[in-house]
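Take a look at the structure below.
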Amino acid sequence: MIWLGIDTSNVPLSIAVVQDHKLLVEWTSSVKVTHSVGAMPAVEEALKHANIKPKEIGAIAVAEGPGSYTGVRIGVTIAKTMAWTLKIPLVGVSSLQTLAGNGSLFEGLVCPIMDARRENVFSAIYKNGVVADLADGHYALETILEKLSTKEEKVLFVGKDVSIHWEVIQGTLGERAIRAPFNLDLPKASVVIEEALKKPLPSIEEAHHFVPDYKRITEAEANWRAEQKKVVEQHE
Amino acid sequence: MMKNQIILGIETSCDETAASIVRNGCEIVSNVVSSQIESHKRFGGVVPEIASRHHVEQVTLVIEEALKQANMQPNDLDAVAVTEGPGLVGALLIGINAAKAFAFANQLPLVGVHHIAGHIYANQLVAPMQFPLLALVVSGGHTEIVLMRDHGSFELIGETRDDAAGEAYDKVARVLKLPYPGGPHIDRLAQESDEAIAFPRVWLEEGSYDFSFSGLKSAVINYMHNAEQRGEIVKPQAVAAGFQDSVVEVLTAKTLRAAKEFNVKQVIAAGGVSANKGLRTALEETFKNEGIPFTVPPLFLCTDNAAMIAAAGSVMFDKGQRSTMAMNGRPGMTLFDWN
Ligand SMILES: [Zn+2]
């Protein structure tokens with residue numbers, strides 16, 4: 001079976017084509033090009049290079065977030081539209097798991113990092129490709145580091161945003177903190193497919209209801225909820 | 001041979017997720033609109049991030065429904081037309097990427113359509129357009145007079161220098177504490193009123209076809225403020241009627257003057273605000289008296305929809321316009337000719 005894999009969760013773009021557990025094409029870039037311009041041409045090019053027609057694709061795997069809201073949405077929109085119209089299953093894989101998957105052979109803990117501004121990150125604590133402690137989420141970097149301070153194993157930090165926080169990370173964890181080599185810092189669509197292969201295939205109808213896993217409510221919603229709370233408190 | 005061109009239109013530029021199938025650019029085969037108004041109401045306006053989240057949830061369902069209602073398969077289509085801009089960028093990107101993925105998967109040509117060209121071409125779904133033609137485009141984001149000497153040729157004759165007419169309606173509605181979206185409420189209140197507060201008409205310099213509505217909006221705010229300070233009771237109906245009178249008179253007078261100057265064969269109104277009853281009636285009466293044919297689409301084609309995008313896309317497709325898989329959302333896109 002032929003799989004198409006897509007990751008547009010943050011600035012990097014990765015597209016992969018896998019046939020029967022064999023990686024045919026993978027195209028990964030960290031050049032800052034908006035995904036609306038870059039993603040579909042990359043899909044077209046990767047399939048053309050592998051001499052595969054859209055109708056030959058058997059399933060699609062997409063990184064479902066968290067990450068940049070717009071970025072995740074572009075990948076998910078492309079994936080769900082293709083899956084629906086080609087009548088093939090769509091499997092979502094956590095964008096953090098995808099990044100952590102680059103360090104799946106590491107013996108200690110793996111901590112994927114996506115910067116979310118103001119000392120916040122999208123992160124989690126993985127081991128051998130699965131969540132070992134903190135699940136995927138939006139955290140203060142401090143929270144992650146506090147949790148990791150209670151462990152004894154070495155921690156591999158993965159992601160191009162690690163550089164933004166490296167001083168603080170190293171300051172807290174010292175020599176237990178290991179920075180992944182640059183060739184493991186970008187999410188790979190082949191990892192998205194590899195993780196998707198471990199999951200049961202959903203029914204074709206489910207593509208319609210597939211949505212990104214944002215891990216955060218919108219700012220407008222958060223403000224509105226705070227406002228409602230204030231009103232309730234004033235009444236009490 | 002009879003032409004039988006089938007276009008799928010997709011529109012997600014603001015808070016409606018829409019898909020439609022149009023035959024030969026003039027016949028609606030199916031028209032599906034999923035509105036998000038309810039989700040934005042409590043915020044008092046469209047929240048872009050929430051709009052984008054809704055579009056992702058709805059987009060494939062809406063396209064499937066359009067195909068289903070038309071009893072068609074993707075291979076019955078000749079092309080996919082999608083709103084490329086202007087609009088909310090995050091919202092536009094959902095329609096664009098769905099359109100690209102759909103077109104690629106089914107190996108169909110793709111056409112990126114200007115949203116305002118879509119509003120203008122909504123008229124083509126009612127009756128064939130007669131050139132030269134003058135279009136008054138009024139919506140939440142636009143107030144423009146466009147001269148068309150032929151299909152796909154757009155000359156901007158006048159435009160707003162500050163607020164769009166729809167924007168002024170929304171702001172005045174907020175001052176009158178009317179629920180979102182405020183435009184229809186002002187229209188309704190104005191219809192109910194037999195008195196109207198006198199607000200200024202802004203004509204700008206002699207001969208100009210441009211508009212300005214921010215001064216009018218300020219005049220309404222000042223009036224409310226002064227009344228409040230004097231402890232007077234304000235009749236919202238009279239304020240709404242006075243405001244609407246000013247907007248409608250300026251829009252109608254400038255459109256009429258342009259219609260005469262350019263000796264047009266037809267005048268059309270387009271865009272969400274052309275659903276306004278006060279404006280429709282004034283335009284209809286004015287041009288009837290002048291003997292100039294005037295058309296405005298039915299209400300469901302005035303507000304955002306995808307049939308209008310397919311209608312415009314149909315003419316663009318015939319003229320050889322094509323978009324690539326690298327199409328991006330263009331929030332500030334300007335009207336362009338299709339030659
Ligand atoms: Zn519109």
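The values are calculated or read from the model by the stated rules, or taken from the named source; none is laboratory data. Only a predicted model underlies this, so the values are computations on that prediction, with no experimental measurement involved. Counting neighbours? That spans all protein chains shown, and the Cβs are built from the backbone with ideal geometry, glycine included. We work out accessible area using only protein heavy atoms, side chains counted, and drop any ligands, DNA or RNA first. Shrake-Rupley method; radii C 1.70, N 1.55, O 1.52, S 1.80 Å.
Candidates A:F106, A:A132, A:T81 compared by Cα position along the dipole of segment A:81-143: farthest toward the positive end lies A:T81, with charges placed on Cβ. The residue among A:I217, A:Q170, A:I144 whose Cα reaches farthest toward the positive pole of the charge dipole of segment A:106-236, with charges on the beta-carbon of Lys, Arg, Asp and Glu, is A:Q170. Beyond 20 Å, the tail of the calculated P(r) for segment B:182-293 holds 46 percent of the Cα pairs. The lysines whose alpha-carbon is closer than 30 Å to the alpha-carbon of A:K229, local same-chain residues fewer than 8 away aside, are A:K215, B:K41, B:K171, B:K177.
Taking every DSSP beta bridge that has both ends in chain A, the antiparallel portion is near 60%. Using only Cα coordinates, the Kirkwood hydrodynamic radius of segment A:97-236 works out to 16.9 Å. A simple charge model with +1 on the Cβ of Lys and Arg, -1 on the Cβ of Asp and Glu and nothing else charged puts the dipole of the protein assembly as shown at about 600 debye relative to its Cα centre.
With contacts taken as Cα pairs under 8 Å and at least 6 residues apart, chain A reaches a relative contact order of 23 percent.
Note: relative contact order over chain B, using C-alpha pairs below 8 Å and six or more positions apart, is 26 percent.
Between B:S193, B:A227, B:G207, the Cα set farthest toward the positive side of the dipole of segment B:184-228 (charges on each charged residue's Cβ, about the Cα centre) is that of B:A227. Relative to the longest principal axis of the C-alpha atoms of chain B, give the angle of the C-alpha long axis of helix B:165-175, reported between 0 and 90° and rounded to the nearest 10°. Value to nearest ten degrees: 50.
Near B:V33, once Lys and Arg are set to +1 and Asp and Glu to -1 for all other residues with Cβ below 9 Å from its Cβ, the sum equals -3.
Using all pairs of distinct alpha-carbon atoms, the Kirkwood hydrodynamic radius of segment B:1-130 works out to 15.0 angstrom. The listed peptides B:170-181, B:83-94, A:43-54, B:54-65, ordered by packing as a protection proxy, come out as B:83-94, B:54-65, B:170-181, A:43-54 (highest mean of other Cβ atoms within 10 Å first).
In a shell of Cβ-Cβ distance under 10 Å around A:D161, excluding A:D161 itself, what net charge do Lys and Arg (+1) and Asp and Glu (-1) give? With Lys, Arg at +1 and Asp, Glu at -1, the net is -1. Are any of the pairs A:K48/B:K100; A:K198/B:K100; A:K151/A:K199; A:K55/A:K87; A:K80/A:K160 more than 18 Å apart by Cα-Cα distance, and if so, which? With Cα atoms farther than 18 Å apart: A:K198/B:K100; A:K151/A:K199; A:K80/A:K160. Shape class of chain A from the Cα gyration tensor (axes a ≥ b ≥ c, square roots of the eigenvalues): oblate, since a/c reaches 1.5 or more and a/b does not exceed b/c. Shape call for the protein assembly as shown from the C-alpha gyration tensor, a ≥ b ≥ c root eigenvalues: rounded (a/c under 1.5), prolate (a/b greater than b/c) or oblate? It is oblate, given that a/c is not under 1.5 and a/b is not larger than b/c.
For the protein assembly as shown, the share of DSSP beta bridges that are antiparallel, to the nearest 5, is 60%.
Nearest 5 is fine: what % of DSSP beta bridges in chain B come out antiparallel, could you say? Of all bridge pairs located within chain B, approximately 60 percent are antiparallel. Averaged over peptide A:65-78, the number of partner chain Cβ atoms lying within 10 Å of each residue's Cβ comes to 4. Rg/Rh for chain B stands at 0.99; both radii use Cα atoms, and Rh follows the Kirkwood definition. In chain A, the portion of solvent-accessible area held by carbon and sulfur atoms comes to 52 percent [1.4 Å probe, whole percent, DNA, RNA and ligands not counted]. Ordering of A:23-29, A:64-70 by packing is A:64-70, A:23-29, highest average first (other Cβ atoms within 10 Å, averaged per residue). Mind pulling the angle between the C-alpha long axis of helix B:236-261 and the longest principal axis of chain B? Nearest 10 degrees, somewhere in 0 to 90. Approximately 60 degrees, to the nearest ten.
Put a plus charge on the Cβ of each Lys and Arg, a minus charge on the Cβ of each Asp and Glu, and nothing anywhere else: the dipole of segment B:1-121 about its Cα centre is then about 60 debye. Angle of helix A:219-235 to the longest C-alpha principal axis of chain A, folded into 0 to 90 degrees and rounded to 10: 40°.
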